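Take a look at the structure below.
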Amino acid sequence: LSRTARTDSRVGLQNLTSQVALELLRRKEDVVAASTSGQNFKDESKAQREFNKMSIRERSKFQRETVSNYGGVDYSTGEMKRANDYSPKATVAVVTLVMLIEGDSTSKTLSKRVNSIRDVEDALSRVAADSKADKCLRGAEILWTPEERDETLTMRDVLAD
């Protein structure tokens, strides 16, 4: 998805964000942990600053970003490996979505504590739907690790970080 997304338009970013949430919903049986948070701001510039702060905080957790597509420009640092250049191994993944979205319904849903797979479904469904609503999605960062097909991540790695 990240290699073909059209992030140079609002519609492209809406589609990518919604599609990622939908793909995660389709893999809900593989979810081992989840967390959500949401805030509501009356001041648009405060909301933008908080989005930027959260985005930087989450992006700084990664040693590098091998896939980086912003505004339709590919800022990727790594080479894309060919499918036959690796041997598949079991791995876990960590996926983070940071969104700047207008409206109360998303922040109310994401402000609730995640206690069950049903809560995960509710949150991801809300993200998938609300990110495509008119012009509500103002910004999104979609982060995941591992990024490269030959990289693996264990639960021990996740717990250590």
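Under 9 Å between Cβ atoms, at least 6 apart or on separate chains: pull out the pairs that start in the stretch 29-43 with a residue that is open to solvent by 100 Å² or more (accessible area, probe 1.4 Å) and end on any residue that is assigned to a loop (DSSP other than H, G, I, E, B) and of a type in the set (A, V, I, L, M).
Listed pairs, sorted by first residue: VAL32/VAL92; SER35/VAL114.
Please work out which one of (1) open to solvent by 40 Å² or more (accessible area, probe 1.4 Å); (2) in contact with a strand residue (DSSP E or B) (Cβ under 8 Å, 6 or more places away or on another chain) is the condition ALA160 fails and give its number.
(2)
Which one of these does LYS108 not meet: (1) modelled with pLDDT under 85; (2) open to solvent by 50 Å² or more (accessible area, probe 1.4 Å); (3) over 16 Å from THR36 (Cα atoms)?
(3)
Please list, ordered by first then second residue, the pairs with beta carbon atoms under 6 Å, 6 or more apart or interchain, first in the stretch 92-110 and assigned to a helix (DSSP H, G or I), second among the basic types (Lys, Arg).
Note: pairs meeting the criteria are THR106/ARG126; THR109/ARG126.
Return only the number of the condition from (1) within 21 Å of GLU29 (Cβ to Cβ); (2) open to solvent by less than 50 Å² (accessible area, probe 1.4 Å) that ARG118 does not satisfy.
Among (1) within 21 Å of GLU29 (Cβ to Cβ); (2) open to solvent by less than 50 Å² (accessible area, probe 1.4 Å), ARG118 violates only (2).
Only residues that are assigned to a helix (DSSP H, G or I) and open to solvent by less than 50 Å² (accessible area, probe 1.4 Å): list them for the stretch 121-157, please.
GLU121, ALA123, LEU124, VAL127, ALA128, ASP130
The values are calculated or read from the model by the stated rules, or taken from the named source; none is laboratory data. Keep in mind that what you see is a predicted model, and the values were worked out from it rather than measured. Here the Cβ is made from the backbone with ideal geometry for all residues, glycine too, and neighbour counts use every protein chain on show. Note: accessible area is taken over every heavy atom of the protein model, side chains too, but ligands, DNA and RNA are not part of it. Shrake-Rupley method; radii C 1.70, N 1.55, O 1.52, S 1.80 Å.
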